[in-house]
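Peer 1: Mind looking over this structure? Questions follow.
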Amino acid sequence: MRIKGIETIEVRGTKEKEVPEVIDLINCVFRTDRGDLPHTMEKEFPLLLSPRNAENMRIIKEKGEVISVVNFLPKKILIEGTPISGGSIGAVCTHSDHRGKGYSTRVLEDAERRMRETGINLCLISSTRNLYKKWGAERVKSCKRYRIFAGLLDLKYIVREYREGDLMSLKKIYNLQGTRYLREGVDFETLIDSGTLPFGDISYKRYVLEDENGLRGYIILKKTSEKIEVKEAGGERREIFDSLAFLGTELGVYKIDYILSQEKKVPTGYLVEEEYQGGSLKIIDFVKFIDELRPYFREYINDEDVDSFKVKESDGKYLLSLEAEKMQIESHKELLKLIFEKKEKKNISERKLEGFIDLVFPLPFPWTENLNYQ
C-alpha cells in the first residue's frame, strides 16, 4: 500500500530478500544506538525476525530504504485447552532520521489490518509506551508476584543444570499445562536457546528437577543487576517453590521472584503482590475473540446459555447480552479489565448475565514474559 499523495512511500509486508535490511535497521536502533552493543536481535527473536515471518514484518519503505517496521508473530494460546489466535508485537522501530513523522503509527495500523485479515483477535505487545496506548493497547493487572526467600531444604529430588538431552522431557512437562502458548514443530528447541541468550547485564540459568524416575520439572531463571526472577517453570507447584528456595541458597541471593497468573493455585505462606502482565494487550476483533472462547465457556456454562451469550462492538463501546439482559462497556480499557483482571468478591448476582461473566472471567492467561516473549 502506498501512502496517499506520497508516491515514494510504501507500507507493506517485507519481501524475503529484504529481511536482512529490516534486521539491520532493528539492530541499529536496539543495539548500536543503545551503547554500540552486539547485533543479536535475530538471534534473540528468531521466530519473529525470520524469512518465514516476512509478511508479518510490516515496513515503511521510502526512496528504496526501509525506515520503519512493526513485527508481529502469530501464535495460538491455549486457555485451559481452548486455542485463541494471538499476535505478539516486538522490535518496533523507526530510523533516527525519520522520527516524529507518525511512521510508527502508520505501520502499526497496517499491522492491525494484516492481523484482522489473518484472523488474529488478540495482540500482545512487549512494551507499554505511548505509541501503543494511543493505538488502544493497555496494561492489565492479571498476575501475582511471589517472593521466595532462600532456604536450605531437604529435597527428595536433585536440582541440576539443564542438558540438551533433557529437551523432550521438558516438552512433556510444559504440555501438561492447559493454559500455555502452543509450541509447534521445533519452537521449543528454538526458544530454549534464543529466549535465554545473554544480553547486556541480563543472563539466564536453566535447571531441571530430577529423581530416579526421570525429570519432574524445570526452572529457567533470568538474572539482572537488580534481581533474579523466574522466566519460565513447569512441574508441581510446591516443588517449584521449594526448588527456588534451594536455588536462592545455591546462588547466594536473598530471594527469587516468581510471577504467575492470578488463577494459579500455589502453596501458602509466601509474600505476594498483584502484578501487571508483561507489556500491554489489545483485542483486535472482540466478536471473533469471544467466539474463539466459546468452547472454554462450555466447560463452565450450559450450551444453551453459551449460545445465547452475544457481543457487539460499535463506536468504541462493547455490548454484552444474555437473553433480555444487557451490559455496556464504555471503553476498551474497561473491557480488558472485565476480561483479564480479578474482580472484588460480591454477593451472588441474581442477574444471569453477571453470573455468566463471573464464572468465565477473569480469563486464565499465561505470563507473557516467558520463552515466547517477543
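The values are calculated or read from the model by the stated rules, or taken from the named source; none is laboratory data. For clarity, every value in this text was computed on a predicted model and none was experimentally measured. Cβ coordinates were reconstructed from backbone atoms using ideal geometry, including for glycine residues, and neighbour counts include every protein chain displayed.
Peer 1: Look at SER225 and say whether it is without any contact (Cβ under 8 Å) to a residue 60 or more places away in the chain, outside any helix (DSSP H, G or I) and closer than 29 Å to THR40 by Cβ.
Peer 2: Yes, satisfied.
Peer 1: Looking only at segment 215-224, decide whether some residue is of a type outside the set (A, V, I, L, M) and over 21 Å from TYR373 (Cβ atoms).
Peer 2: yes
Peer 1: Okay, next question. Please go through (1) under 22 Å from GLU189 (Cβ atoms); (2) free of Cβ contacts under 8 Å to residues at least 12 places away in the same chain; (3) not polar (S, T, N, Q) for GLY100 and return the number of the only condition it doesn't satisfy.
Peer 2: Tallying (1) under 22 Å from GLU189 (Cβ atoms); (2) free of Cβ contacts under 8 Å to residues at least 12 places away in the same chain; (3) not polar (S, T, N, Q), GLY100 fails exactly one: (1).
Peer 1: Is it the case that GLU232 is modelled with pLDDT of 95 or more, more than 30 Å from ARG31 (Cβ to Cβ) and not in a helix (DSSP H, G or I)?
Peer 2: Judged against the criteria, GLU232 is not a match.
Peer 1: In the same structural domain as ASP257 (by TED's automatic domain parsing) and in a loop (DSSP other than H, G, I, E, B): which single residue out of GLY119, GLY185 fits that description?
Peer 2: Going through GLY119, GLY185 in turn, just one is in the same structural domain as ASP257 (by TED's automatic domain parsing) and in a loop (DSSP other than H, G, I, E, B): GLY185.
Peer 1: In addition: Does LEU320 satisfy the condition of being among the hydrophobic types (A, V, I, L, M, F, W, C), part of a helix (DSSP H, G or I) and farther than 20 Å from LEU124 by Cα?
Peer 2: So LEU320 does not fit the description; no.
Peer 1: Inside segment 241-256, can you point out the residues that are surrounded by fewer than 16 Cβ atoms within 10 Å (Cβ to Cβ) and at negative phi?
Peer 2: Matches in segment 241-256: THR249, GLU250, LEU251, VAL253, TYR254.
Peer 1: For segment 31-49, name all the residues that are over 25 Å from GLY87 (Cα atoms), out of contact with any Ser or Thr (no Cβ under 9 Å at 6 or more places or on another chain) and of a type outside the set (Ser, Thr, Tyr).
Peer 2: ARG34, GLY35, ASP36, LEU37, PRO38
Peer 1: Separate question: Say whether the condition of being exposed (fewer than 14 other Cβ atoms within 10 Å of the Cβ), assigned to a loop (DSSP other than H, G, I, E, B), small (Gly, Ala, Ser) and free of Cβ contacts under 8 Å to residues at least 24 places away in the same chain is met by at least one residue in segment 188-206.
Peer 2: no
One line per residue, one yes/no per condition, for (1) among the aromatic types (Phe, Trp, Tyr); (2) at pLDDT 95 or above; (3) in a loop (DSSP other than H, G, I, E, B):
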{"residue": "MET327", "(1), (2), (3)": "no, yes, no"}
{"residue": "LEU335", "(1), (2), (3)": "no, yes, no"}
{"residue": "SER349", "(1), (2), (3)": "no, no, yes"}
{"residue": "ILE357", "(1), (2), (3)": "no, yes, no"}
{"residue": "PHE365", "(1), (2), (3)": "yes, yes, yes"}
{"residue": "GLU369", "(1), (2), (3)": "no, yes, yes"}
{"residue": "TYR373", "(1), (2), (3)": "yes, no, yes"}
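Peer 1: Something else now. Got a sec? Which of GLY278, GLY178 is exposed (fewer than 14 other Cβ atoms within 10 Å of the Cβ), within 19 Å of the chain's Cα centre (by Cα) and either assigned to a loop (DSSP other than H, G, I, E, B) or at pLDDT 95 or above (or both)?
Peer 2: Answer to the check: GLY178.
Peer 1: Where the second residue is aromatic (Phe, Trp, Tyr) and the first is not assigned by TED's automatic domain parsing to the domain that holds SER194 and lies in segment 34-55, which pairs have Cβ atoms under 6 Å and are six or more apart or on separate chains?
Peer 2: MET41/PHE30
Peer 1: In segment 84-106, is there at least one residue being among the polar types (S, T, N, Q), outside any strand (DSSP E or B) and touching a Pro at 6+ places or on another chain (Cβ under 8 Å)?
Peer 2: So far as segment 84-106 goes, no, none of its residues is among the polar types (S, T, N, Q), outside any strand (DSSP E or B) and touching a Pro at 6+ places or on another chain (Cβ under 8 Å).
Peer 1: In segment 281-317, which residue that is assigned to a helix (DSSP H, G or I) and without any contact (Cβ under 8 Å) to a residue 24 or more places away in the chain is surrounded by the most Cβ atoms within 10 Å (Cβ to Cβ)?
Peer 2: By that ranking, first place goes to ILE290.
Peer 1: Can you pull out the residues in segment 208-230 that are of a type outside the set (A, V, I, L, M, F, W, C), within 15 Å of VAL253 (Cβ to Cβ) and touching a Gly at 6+ places or on another chain (Cβ under 9 Å)?
Peer 2: The answer is THR224, and nothing else.
Peer 1: Only one of PHE72, PHE30, PHE45 is farther than 30 Å from ASN175 by Cα and among the aromatic types (Phe, Trp, Tyr); which?
Peer 2: PHE30
Peer 1: For PRO362, indicate whether it is touching a residue at least 60 places away in the same chain (Cβ under 8 Å), closer than 25 Å to ARG145 by Cβ and not aromatic (Phe, Trp, Tyr).
Peer 2: Yes; evaluated as a whole, the condition is true for this residue.
Peer 1: If you don't mind, another one. Which ones in segment 95-114 are surrounded by 19 or more Cβ atoms within 10 Å (Cβ to Cβ) and touching a Leu at 6+ places or on another chain (Cβ under 9 Å)?
Peer 2: Residues satisfying the conditions are SER104, LEU108.
Peer 1: Any idea how many residues of segment 268-285 are farther than 22 Å from ILE240 by Cα and among the polar types (S, T, N, Q)?
Peer 2: 1
Peer 1: Can you give me the number of residues within segment 129-175 that are among the charged types (D, E, K, R) and part of a helix (DSSP H, G or I)?
Peer 2: Summing the residues that are among the charged types (D, E, K, R) and part of a helix (DSSP H, G or I) in segment 129-175 gives 6.
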